[in-house]
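Asks: Okay, handing you the structure first.
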Amino acid sequence: MNARSRNLPPATDLAQFPVARPRRLRRTAPLRRMVAGTRLDPAELILPLFVKEGIDEPQPVRSMPGVFQHTRDSLRKAVHEAAEAGVGGVILFGVPVHKDARGSAADDPEGIVQVALRDLAADMGDQLVLMTDTCLDEYTDHGHCGLLTAAGEVDNDATLERYASAAVAQAAAGSQVIAPSGMMDGQVGAIRAALDAEGFAEIPILAYSAKYASGFYGPFRDAAECAPQFGDRNAYQQDPAGPIGEALREVRLDLAEGADAVMVKPALAYLDILSQVRAMVEVPVAAYQVSGEYAMVEAAAANGWIDRERIIMESLIAIRRAGADLILTYWATEVARTLS
């Protein structure tokens, strides 16, 4: 029986040492660059940014060294720097002064994200993509991602109307991509219908489709001031131990509702999910390298335990290799400068 009939690789792939020497293609840096199977490009990176109402200077986020809650002016500076480095886009998260049970600032035309968007749209033109997170947790006084029932549970269907209104407000202010992150059933469909009805049919939706109830989000909640005042988000975000099929189902549902791209969040702990989503869909796939991933690297580097720059690049390569077309990372500007 020959090799072909046994479904084995061709004989040329069966050479053994000393004829076969894989190290030949690793010997020099130019060789390694030439045959690299995974590459990063600045245009694939998206920088998350926080803009806070009512502050006069940027406020450092204690648990995320190098990350700030921005003023409108410092936000503009950060976005200009990202564009100059070649970063593909930024995604905005707002921290309002006043919060209430319905998250009124989320769709207020004078809400902090909408005001900041108008600044950036006037400044930046088409230099990079302006994206907005569409959720309520930054805007509600209870810190949950939606409206609450009398029993204190998140009301899925009532929340959809709020998401739709926020998405329209963001699009009107200049958002070029709407990214709903609340994990409400039907959120993409509700937002798509609202955008289309208000004349924003051209605005794409990047759905946080597979978003897990993760311990890696802790530092983000410092930055966005959105920790739940009671309970947790396990009833609407996905269970880390849940079946892989659940994540794939969420992706299929979002695509059926009109999502133009999908996201897996967090990134590194869910590379298996990312890989399977990439294999299943024909739209761009994003992955969010979240605050806890960032904070762990920065803390370990500050203690001299790791090579910071090497770990940053290796982690991003891993996310890209697993299938991400787009990567949300707090290191976007720094890495884009390195790549350029």
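The values are calculated or read from the model by the stated rules, or taken from the named source; none is laboratory data. Note that this is a predicted model, so its numbers are computed, not measured. Glycine gets a Cβ as well: all are built from the backbone with ideal geometry, and neighbour counts include every protein chain shown. Please note that ligands, DNA and RNA were not included when accessible areas were found on the heavy atoms of the full protein model with its side chains. Shrake-Rupley method; radii C 1.70, N 1.55, O 1.52, S 1.80 Å.
Asks: Name, by its number, the condition in (1) modelled with pLDDT under 95; (2) open to solvent by less than 60 Å² (accessible area, probe 1.4 Å) that does not hold for residue 120.
Replies: (1)
Asks: For segment 52-67, how many residues are under 19 Å from residue 333 (Cβ atoms) and among the small types (Gly, Ala, Ser)?
Replies: 1
Asks: What single numbered condition from (1) touching a Pro at 6+ places or on another chain (Cβ under 6 Å); (2) free of Cβ contacts under 8 Å to residues at least 40 places away in the same chain fails to hold for residue 84?
Replies: (1)
Asks: With the structure loaded, tell me whether residue 158 is out of contact with any helix residue (DSSP H, G or I) (no Cβ under 9 Å at 6 or more places or on another chain) and without any contact (Cβ under 8 Å) to a residue 24 or more places away in the chain or whether it fails that test.
Replies: Taking the combined requirement at face value, the residue satisfies it.
Asks: Still on this structure, please answer the following. Any chance segment 250-265 includes a residue that's charged (D, E, K, R) and touching a Ser or Thr at 6+ places or on another chain (Cβ under 6 Å)?
Replies: The answer is yes; a qualifying residue exists.
Asks: Being in contact (Cβ under 8 Å) with a residue 60 or more places away in the chain and over 19 Å from residue 225 (Cα atoms) is the filter here; which residues of segment 91-121 pass it?
Replies: 109
Asks: Here is a further query. Is there any pair linking a residue in segment 239-254 that is under 19 Å from residue 286 (Cβ atoms) to one that is charged (D, E, K, R) and not in a loop (DSSP other than H, G, I, E, B), with Cβ under 9 Å and at least six apart or on different chains, and which?
Replies: Short answer, once both residue conditions are applied: 244/272; 250/211.
Asks: Kindly provide the set of residues from segment 197-223 that are within 25 Å of residue 246 (Cβ to Cβ), open to solvent by less than 30 Å² (accessible area, probe 1.4 Å) and part of a helix (DSSP H, G or I), ordered by number.
Replies: Once the filter is applied, which keeps residues that are within 25 Å of residue 246 (Cβ to Cβ), open to solvent by less than 30 Å² (accessible area, probe 1.4 Å) and part of a helix (DSSP H, G or I), segment 197-223 yields 217, 220.
Asks: Of the residues 133, 126, only one is of a type in the set (Asp, Glu), within 30 Å of residue 77 (Cβ to Cβ), in a strand (DSSP E or B) and under 22 Å from the mean Cα position of the chain (by Cα); which?
Replies: After ruling out the rest, the residue left standing is 133.
Asks: Sticking with this one: In segment 70-99, which residues are assigned to a strand (DSSP E or B) and closer than 13 Å to residue 113 by Cβ?
Replies: Answer for segment 70-99, where residues must be assigned to a strand (DSSP E or B) and closer than 13 Å to residue 113 by Cβ: 70, 90, 91, 92, 93, 94, 95.
Asks: Additional query: Can you give me the number of residues within segment 155-187 that are touching a strand residue (DSSP E or B) at 6+ places or on another chain (Cβ under 7 Å), open to solvent by 40 Å² or more (accessible area, probe 1.4 Å) and under 22 Å from residue 227 (Cα atoms)?
Replies: Qualifying residue count for the region: 1.
Asks: Consider only pairs whose beta carbons are under 6 Å apart and that are at least six residues apart or on different chains; among these, list those whose first residue lies in segment 312-340 and is open to solvent by 10 Å² or more (accessible area, probe 1.4 Å) and whose second residue is of a type in the set (Asp, Glu) and not in a loop (DSSP other than H, G, I, E, B).
Replies: That search, which allows pairs on different chains as well, returns 326/44; 333/81.
Asks: Please find, within segment 51-75, the residue that is surrounded by the fewest Cβ atoms within 10 Å (Cβ to Cβ) out of those that are out of contact with any Gly (no Cβ under 8 Å at 6 or more places or on another chain) and under 27 Å from residue 317 (Cβ atoms).
Replies: 66
Asks: Taking the options 78, 82, 15, name whichever one is open to solvent by less than 50 Å² (accessible area, probe 1.4 Å) and modelled with pLDDT under 95.
Replies: After applying the criteria, what remains is 15.
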